[in-house]
Amino acid sequence: MSHFTTIKTQIKDIEALRSACQEMGLTLLQNVEARGYYENKTKGDYVIRLKGPYDIAVNKQPDGSFGLTADLWNGHVENEVGQGYGKLLQLYGVHKAMREARNRGHLVRRSQQPNGSIKLCISTL
């Protein structure tokens, strides 16, 4: 029985996702299978290799964005990337915003807030 669940996201920049994964100590691989419950696997255009027994498949959707597919059983994925992929998506958003700002010639300063949020200060040169 498969436990894989897909959520649609606004991930459109694989390099920003790669940077977010690196910050979390995870690896983004291309064209491999994601691990799930009891040796179940699913193919991914990209796969985020997690430290635990499961992975996250990243597959291109018809609209050009990427969906995240993982076996969410027993909280293995949630323990590493946050509930609803929250920590992963937060860091993706941070890296995407930083890349876009720098590409437009802006300076970016990043700081971690006491409540866990991340503050970006973007200014012109």
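The values are calculated or read from the model by the stated rules, or taken from the named source; none is laboratory data. These figures come from a predicted structure and were not determined experimentally. For neighbour counting, all protein chains shown are included, and Cβ atoms are generated from backbone atoms with ideal geometry for every residue, glycine included. Quick note on the areas: whole protein, heavy atoms, side chains included, nothing else; ligands and nucleic acids left out. Shrake-Rupley method; radii C 1.70, N 1.55, O 1.52, S 1.80 Å.
Just the residues that are of a type outside the set (Lys, Arg) and over 12 Å from Ala34 (Cα atoms), please, taken from region 53-71. Result: Gln61, Pro62, Asp63, Gly64, Ser65, Phe66, Gly67.
Do we find a residue being open to solvent by less than 50 Å² (accessible area, probe 1.4 Å), touching a Leu at 6+ places or on another chain (Cβ under 6 Å) and either basic (Lys, Arg) or not in a helix (DSSP H, G or I) (or both) anywhere in region 48-57? Yes: one or more hits. Among the residues of region 69-116, just one is over 19 Å from Arg18 (Cα atoms), touching a residue at least 24 places away in the same chain (Cβ under 8 Å) and open to solvent by less than 30 Å² (accessible area, probe 1.4 Å), namely Asp71. Does Ile122 fit the bill of being in contact (Cβ under 8 Å) with a residue 12 or more places away in the chain and under 18 Å from Arg18 (Cβ atoms)? For Ile122, the condition - in contact (Cβ under 8 Å) with a residue 12 or more places away in the chain and under 18 Å from Arg18 (Cβ atoms) - is not met.
Would you check which residues across region 72-125 are basic (Lys, Arg) and either over 29 Å from Tyr38 (Cβ atoms) or assigned to a strand (DSSP E or B) (or both) and list them? Correct list: Lys96, Arg99, Arg102, Arg104, Arg109, Arg110, Lys119. Among the residues of region 7-42, which ones are of a type in the set (S, T, N, Q) and open to solvent by less than 30 Å² (accessible area, probe 1.4 Å)? Residue satisfying the conditions is Thr9 alone.
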